[in-house]
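S.K.: To start, I am sharing the structure in question, which I have written as structure tokens.
No lab work stands behind these numbers, since they all come straight from the coordinates. The shown structure was predicted, so the numbers you read here are calculated from the model rather than taken from an experiment.
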Amino acid sequence: MATSPSPQDRRAAQREELRKQRQAELKRQRTVRTVVIAAVTAVALVIVAGLGYLGYRAMQPAGPVASPEGVAEGQPYLSFGAPEDSGKPVVELHLDFMCPYCGQFEELNGEDVQTMIEEEEATVNIVPRNFLDTASTTGDYSSRTANAFVCTYEESPEAAITLQQLLFENQPAENSAGLTDEQIASYAKEAGASEETLSCLDEGTYEPWVNKVADPHGEETGSGTPFVKVDDTVLEPQQWGEAGVLKQMVDEAAGSASDGGEA
């Protein structure tokens, strides 16, 4: 007749069973921990590799910015009127097609500027800016119109001036969506732009030039728009805001140049 285990043997057997269960649980936990660590490490490596790639791309030199035909690389303005080496007065204008004060400038001085250009009384350098993109609900109105201006200039400077006049005559209010692409294209066509130029508008060909070359030059002046300068003299708003003053200053500068600066 077999003897039943003593209480001491039963307790020893229970302790052994508990020991085996604890060892099994510890082994399971180590396995789970190893899998989690491996997964986290793999994800971290992917993130690091991705950041490294982005950093590498960021360190690469930017691609060349396309400049309009006839505009030197890095030149931030479009030149109208007398040749730059003519010795005539140089008028520098910074304009943003969303800027209401630029619209006022055009209303007061547009005809005089057009005369300076057509009669080659001065070299007129226009810097098309886009710093008021944020003043349109689309976030890009200044860029789109500046691009249209540059595209049209490339085909015909005369047509570009006509487009400038049309855009200011039909200038939208700040904090609106602005003119649609179709409306801008229609004004460019009215100004004399060809189908090829309209493709330039549609593709936004010169928006990078406006953004990376023209607008930064405007920022360097430390002023908004319009910025108006005749040779080395910057006109204050109360000067360009009075009809005829800009033309008078150009005429005086031309007279000083013709007599060698003598009084």
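S.K.: Between Glu118 and Glu219, what is 0.36 nm times their sequence separation minus the Cα-Cα distance? Round to one decimal in nm.
M.R.: 33.5 nm
S.K.: What is the extension gain from Glu107 to Ser194, computed as 0.36 nm multiplied by their sequence separation minus the C-alpha to C-alpha distance, in nm to one decimal? Let's see the in-between values first.
M.R.: Values: separation 87, 0.36 × 87 = 31.32 nm, distance 2.68 nm.
This chain segment gains 28.6 nm when fully extended.
S.K.: When only alpha-carbon atoms count, how far does the stretch 127-263 stretch along each of its three principal axes, as whole angstroms with the largest first?
M.R.: Per principal axis, max minus min of the Cα coordinates gives 53, 30, 27 Å.
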